[in-house]
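*Asks:* Mind having a look at this structure? Questions to follow.
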Amino acid sequence: MSLEGRAIGFTVNGAPVSLDISPVRRLSSVLREELHLIGTKVGCDAGDCGACTVMLDDEPVCACLVPVASVSGRSVRTVEGLANGRLSALQASFLEHGAAQCGICTPGLLVAGTALLERNPEPTEEEVRDALGGVLCRCTGYRKIVRAVMAAGAQGSLPVDVGAAPHPYPLHKDGERGASTLVPPSPRVRGEGKGEGQRQRLNASGDRPVSPLAGQAVGARVPRLDGMPKVTGIESFGADSFPDDALSVLVIRSPHHRAEFAFGDLEAFVARHPGVVAVFTSADIPGRNRFGAIQPFADQPALAERAVRFRGEAVALVAGERRAIAEIDPAEFPVEWMALPHMLTPGEAQGENAIRIHDNRPGNLLVQGYVERGDPDKALAEAACSASGTIETSFVEHAYIEPEAGWAEMDGGTLVIRACTQAPFMDRDETAIVLGLSPKKVRIVPTATGGGFGSKLDLSVQPLIGLVALKTGRPAALAYTRAESMMSTTKRHPASMKATIAADATGRVTGMIFEGDFNTGAYASWGPTVANRVPVHACGPYSTPNYRAIGRAIHTNGPIAGAFRGFGVPQATIMQEALYDELAGKLGMDRLEFRLKNALRNGSETVTGQRLESGVGIADCLEALWPHWERALADAAAFNEGSGSVRRGVGIASCWYGCGNTSLPNPSTIKLGISVDGAVVLHQGAVDIGQGSNTVVTQICADALGLPLSAFRLLSGDTAITPDAGKTSASRQTFVSGKAAEKAGRALREKILRFANVSPAAELSFEAAVLVIGEGGERRRVDLTSLAVDADGFVFTAVETYDPPTLPLDEKGQGKPYAVYGYGAQIAELEVDMRLGTVKLVKITAAHDVGKAINPLLAEGQIEGGIAQGIGMALMEEYVPGRTENLHDYLIPTIGDVPEIETILVEVLDPEGPFGAKGLGEHVLIPTAPAILNAIRHATGVLVTTVPATPTRVLAAIRSAEAAL
Ligand code: FES
């Protein structure tokens, strides 16, 4: 086949196109780059993730695997072709059921789902799973996707006018988010969604979405306010708005775990490659070539200087015209590597012959966290019963479907970076340090972010594209390949843990000693946070009067381990919950009863000496699980009466998790104002990476202010126009930014009521540019155009900051590390094939105390998504540098791997949280893996001590136990 360009004709969404292009170009690249149909996403370029799924003559295909020559004369349909002025029934169903979170996978799922429904309008769940099995989603846990497809088929065509629901975030021509009216996009079903009372359980799964009135937003199942662009395919992610004239950037990376390097003739390289504009190395970095969020540990260079510490570390940038960069073979780049011995495990890094990775960190110890209370040695010595064990876990990859991407340009003297991120203000400050700029001269405009889970808290493309734009004066764009995303960004820490837990004869836990080494890789990233958070949480949500826990973050030449949903607590909980099962067995107690007996209660003191006065919901969660536990155990017993080789098991595990930073300042600021044309403009800087902060924070603010969601316009995270609402991490946005939004809403209401001289009972509404204030049958009308406006165009405004009240931890880890904790417990039911070691999940039942479920629809989505990641951690996910740098060797759960999930939302109001709410996002992953491992032990009689519990490991554990008999 000739590689020369020639005219290729086909139809796209019914319109004929003819393009003079190379016939071997990927269809995905042609759709995106030539036809600007950015709804077709690129997650892997290898047919693994399915994000680029389109219909080719009505059959779903991965567009990245299709050479454009093969579509000549044929018909292509993309997500943009599904809505024709009105959403299709499936698109509307995705909104209604909360089936899109970050939205990066949504176009591919919608296309695959549409293809299914067109040939089979009423598919079974199994048929949906089969049809959508090639499209990966890392956020949702798939359950709502299955429900959405089945409901769309069952309902037939129930289109929703795209124009009827004004787009909350209209995209400007460059992809920047703008402001418009927020209206729930799919208000087809109305109902009661608010719960009352101090404690309430919502059987969450059966409720329908609502469009709440003023004062009724909190507790309502509001479909996500930013959902419309996700289901129409116009949502603009990091790689979706590159300017045509942007320079492309190629990153040269180390193929070695540890090496020194020297560059050859870089000028000659540039000269040999027409279209290449420049090469940049660390010598070109104008500022301090070190970044990292946790001071004083910031140690990672944007571009390495003479030596690299991990495989995939960046050493140089090649910037040039897009086509020229695409043709470069990185192997041609003039760099000479001198590979050096390396260490990939904490054992090697702490051994006698250990290499020193950091000159100033003896023993390769980054940091050690420590908590001690009472006399744990005495408690263990005097205990009636104790259990000890060890657990090893693996590197886990975040595997969001959107690789890191963004572009930068100079706007006068200001560097503007548009990229996917979880932390725009931190990006701004760290980028400014690296590039030697004042933070005022750096503006971060977050694009939509296709999943983050902690890794997009760290800088990735930002300083690299910033450097090129700064040095060349031209826009610079970079989208990581799947391989470089996986090899260069952070992972969950592998942990090597040992622990002993002791109890008295009545089943009360009397003491615990825990020690864990966490492989933090080559640079610090969020290793200090993990080392400090683990000892606070390693006891689980249980009363533990005598306690000592040590968490060490150890440097190796492995991938950088950083923040990942739970900051080390999921690993520690596997250790603790395994020992709780063993203790219960030794004591002859029911496993749930043992946990309930030791659960923290109102008035309990934690291992850090913090007295929890109220809002402790773990016992409520465990009690909510009782009937499910008894039913599951009975089912398993009945199943196991048969003599087959498949055994059923049931496991349980709990979680608790402190919301926000550990004993550190953690403020969010929210600003809002009444515009002169009669809208509430909410400056909401809590970046929504799919978890729903755009919706939840607005719901809180709306009820505090007393106006409906439909009155709101949103200005989302942009360091030039929104105040700093902190990072999207540590399950803090609903709690911290939500509290700031509640305070701002109440402050604005107070100003308006004082202006109108009415009582707190007055009701507010808008009639165009008139603010109507009603009280006792009286209605006062305020013409907003008659009032003075401030610099933002507001006639009334409020700005409020909230910083959770915490206290530092002393040298024994005593203090008040968090103001609010969330709680949860899960039951896993599964079957193990004793001949093969394979595990088939049957059901997960999850009870989570969220304080107040601000939005039950979105809370369920968080729970289901967290459980899916917990399943991956328990059963399949193991990142091995150099071996699993793609999504076919690194396995994450598919739609077929996630079983039925039953969610129980428990509401034990927290006195500190907004409307009583607690954080949720990280809690939900924590109990899943330990519940699964405990269920495997229940089924087989053996505990798998190296995670993930792959079939090989499960089988080896079974065989080893049999051999020991
Ligand atoms: Fe599916 Fe984020 S919603 S990957």
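The values are calculated or read from the model by the stated rules, or taken from the named source; none is laboratory data. It should be emphasised that the depicted structure is a prediction, and the values quoted were computed from it without experimental measurement. Using ideal geometry, Cβ is built from the backbone for each residue, glycine included, and neighbour counts are taken over all protein chains shown. Note: areas computed on protein heavy atoms with side chains; ligands, DNA, RNA excluded. Shrake-Rupley method; radii C 1.70, N 1.55, O 1.52, S 1.80 Å.
*Asks:* Mind checking the dipole of the stretch 91-153: about its Cα centre, +1 per Lys or Arg Cβ, -1 per Asp or Glu Cβ, Debye to the nearest 20? List each step's numbers first, then the result.
*Replies:* Values: 6 positive and 7 negative charges, 58 e Å.
Computed charge dipole of the stretch 91-153: roughly 280 debye.
*Asks:* Please report, as a whole percent, how much of the solvent-accessible surface of the stretch 443-523 comes from carbon and sulfur atoms (probe radius 1.4 Å). Could you put the intermediate results ahead of the total?
*Replies:* Values: 830 of 1600 Å².
Carbon-and-sulfur percentage of accessible area, whole number: 52.
*Asks:* Still on this structure: What's the extension gain from Glu593 to Val24 if we count 0.36 nm per residue and subtract their Cα-Cα distance?
*Replies:* That works out to 198.5 nm of additional length.
*Asks:* If the limit is 21 Å between Cα atoms, which of Lys440/Lys471; Lys456/Lys843; Lys671/Lys816 go over it? Display every interim value, and only then the final one.
*Replies:* Working: Lys440/Lys471 18 Å; Lys456/Lys843 31 Å; Lys671/Lys816 29 Å.
In this structure, Lys456/Lys843; Lys671/Lys816 exceed 21 Å between Cα atoms.
*Asks:* Once you treat every alpha carbon in the stretch 586-702 as an equal point and sum by Debye, what is log10 I(q)/I(0) at q = 0.10, 0.17, 0.20 Å⁻¹?
*Replies:* -0.61, -1.02, -1.15
*Asks:* Next question, about the same structure. Can you tell me which lysines have their Cα less than 17 Å from the Cα of Lys586? Leave out same-chain residues fewer than eight positions away.
*Replies:* Lys597
*Asks:* Please list 3J(HN,Hα) in residue order for the stretch 793-806, calculated via the Karplus relation 6.51 cos²θ - 1.76 cosθ + 1.60 where θ = phi - 60°; whole Hz, with x for glycine and proline.
*Replies:* So the J values, rounded to whole Hz, are x, 9, 9, 9, 8, 8, 10, 9, 10, 10, 10, x, x, 10.
*Asks:* Which residue, chosen from Ile827, Pro296, Asn519, occupies the Cα position most advanced towards the positive end of the dipole of the chain, where the dipole is computed from +1 (Lys, Arg) and -1 (Asp, Glu) charges on Cβ about the Cα centre?
*Replies:* After comparing all options, I get Pro296.
*Asks:* Now for a different question. Based on the Cβ-Cβ distance from Arg611 to Lys586, what FRET efficiency comes out when R0 is 41 Å, to the nearest 0.05? Display every interim value, and only then the final one.
*Replies:* Working: r = 31 Å, r/R0 = 0.75.
The calculated FRET efficiency here is 0.85.
*Asks:* Follow-up. Could you work out the Rg to Rh ratio of the stretch 787-942, with Rh taken as the Kirkwood radius (inverse of the mean 1/r over all Cα pairs)?
*Replies:* Rounded to two decimals, Rg/Rh equals 1.13.
*Asks:* Report the calculated FRET efficiency for Arg323 and Asp58 (r = Cβ-Cβ distance, R0 = 30 Å), to the nearest 0.05.
*Replies:* Numbers: r = 33 Å, r/R0 = 1.11.
That gives a FRET efficiency of 0.35.
*Asks:* Would you kindly state how much longer the chain becomes between Val17 and Arg781 on full extension, computed as 0.36 nm times their sequence separation minus their alpha carbon distance, in nm to one decimal? Each step should come with its number before you reach the end.
*Replies:* Details: separation 764, 0.36 × 764 = 275.04 nm, distance 5.53 nm.
Full extension from Val17 to Arg781 adds 269.5 nm.
*Asks:* Once you put a point 7 Å from the Cα of Val799 and another 7 Å from the Cα of Asp130, both along the Cβ direction, what distance in nm separates them?
*Replies:* With each label point 7 Å from Cα toward Cβ, the separation is 5.9 nm.
*Asks:* Moving on to the next point. Which value, to two decimals, describes the C-alpha radius of gyration of the stretch 389-504 once divided by 2.2 N^0.38 Å?
*Replies:* Numbers: Rg = 18.2 Å, N = 116, 2.2 N^0.38 = 13.4 Å.
Normalised Rg, Cα atoms only: 1.36.
*Asks:* With the alpha-carbon atoms as the only input, what is the per residue convex hull volume for the chain in Å³? Working shown, then result.
*Replies:* Values: hull volume 163.8 nm³, N = 965.
Spread over its residues, the Cα hull of the chain gives 170 Å³ apiece.
*Asks:* If you average the C-alpha positions of the stretch 537-612 and of the stretch 388-455 separately, how far apart do those two centres end up, in angstrom?
*Replies:* Their Cα centres are 31 Å away from one another.
*Asks:* State the answer as a single residue: which of Cys102, Cys137, Val68 lies farthest towards the positive end of the charge dipole of the stretch 51-153, with beta carbon charges of +1 for Lys and Arg and -1 for Asp and Glu, about the Cα centre.
*Replies:* Of the candidates, Cys102 comes out farthest on the positive side.
*Asks:* Calculate the FRET efficiency for Asp375 and Leu664 from the Cβ-Cβ distance with a Förster distance of 41 Å, rounded to the nearest 0.05. Show your work: numbers first, answer last.
*Replies:* Working: r = 29 Å, r/R0 = 0.72.
The calculated FRET efficiency here is 0.90.
*Asks:* If you don't mind, another one. Placing unit charges on C-beta atoms (Lys and Arg positive, Asp and Glu negative, everything else neutral), compute the dipole magnitude of the chain about its Cα centre in debye, rounded to 20. Before the final figure, lay out the partial values.
*Replies:* Numbers: 89 positive and 109 negative charges, 199 e Å.
About 960 debye.
*Asks:* Before rounding to the nearest 500, sum -39500 (n - 2.57) across all DSSP H runs of length at least 4 in the chain and divide by the residue total; then give [θ] at 222 nm in deg cm²/dmol.
*Replies:* Working: 21 runs with 242 residues, N = 965.
Roughly -7500 deg cm²/dmol at 222 nm, from the helical runs in the chain.
*Asks:* Provide the packing ranking of 272-283, 497-508, i.e. peptides ordered by the mean count of other C-beta atoms within 10 Å per residue, highest first.
*Replies:* Numbers: 272-283: 16.2, 497-508: 19.0.
Per-residue Cβ counts within 10 Å, averaged per peptide and sorted highest first, yield 497-508, 272-283.
*Asks:* Report the Cα centroid-to-centroid distance between the stretch 881-924 and the stretch 682-728 in angstrom, as an integer.
*Replies:* 22 Å
*Asks:* Ranking request for peptides 742-754, 32-44: highest mean number of other beta-carbon atoms within 10 Å first, then the rest in descending order.
*Replies:* Numbers: 742-754: 19.9, 32-44: 22.2.
Put in order of decreasing packing, that is 32-44, 742-754.
*Asks:* Tell me, what is the percent relative contact order of the stretch 277-383, built from C-alpha pairs under 8 Å that lie six or more residues apart? Mind showing how you got there, number by number?
*Replies:* Numbers: 73 pairs, mean separation 18.5, N = 107.
Contact order relative to length: 17 percent.
*Asks:* Name the helices (complete DSSP H segments) of the chain with a Cα length along the long axis of 30 Å or more and a Kyte-Doolittle mean of at least -0.5, or state none. Spell out each step's value before the answer.
*Replies:* Working: long enough: 618-640 (31 Å, 0.23).
Helices meeting the span and hydropathy rule in the chain are 618-640.
*Asks:* Still on this structure, I have one more. Percent antiparallel among DSSP beta bridges with both residues in the chain, to the nearest 5?
*Replies:* Numbers: 126 of 160 bridges.
Among the beta bridges of the chain, antiparallel pairing accounts for roughly 80 percent.
*Asks:* Ranked from highest to lowest mean number of other Cβ atoms within 10 Å per residue, what is the order of the peptides 350-360, 913-923, 517-527?
*Replies:* On the way: 350-360: 12.2, 913-923: 26.9, 517-527: 28.9.
Result, highest mean Cβ count within 10 Å first: 517-527, 913-923, 350-360.
*Asks:* While we're here: With unit charges on the beta carbon (Lys/Arg positive, Asp/Glu negative), name the residue among Leu753, Ala83, Leu682 whose Cα is farthest towards the positive pole of the charge dipole of the chain.
*Replies:* Going by the Cα projections, it comes out as Leu753.
*Asks:* List the GluC sites (Glu not before Pro) in the stretch 557-625 that DSSP assigns to loop (not H, G, I, E or B) and whose Cβ has at most 15 other Cβ atoms within 10 Å. Which are they?
*Replies:* Passing sites in the stretch 557-625 are Glu613.
*Asks:* Still on this structure, I have one more. Please report the relative contact order for the chain, taking Cα pairs under 8 Å with a sequence separation of at least 6, and give it as a percent rounded to a whole number.
*Replies:* Numbers: 2612 pairs, mean separation 135.6, N = 965.
Worked out over the chain, it gives 14 percent.
*Asks:* Restricting to Cα pairs below 8 Å that are 6+ residues apart, what does the relative contact order work out to for the stretch 869-936? Please round to a whole percent. Could you put the intermediate results ahead of the total?
*Replies:* On the way: 40 pairs, mean separation 29.8, N = 68.
44 percent.
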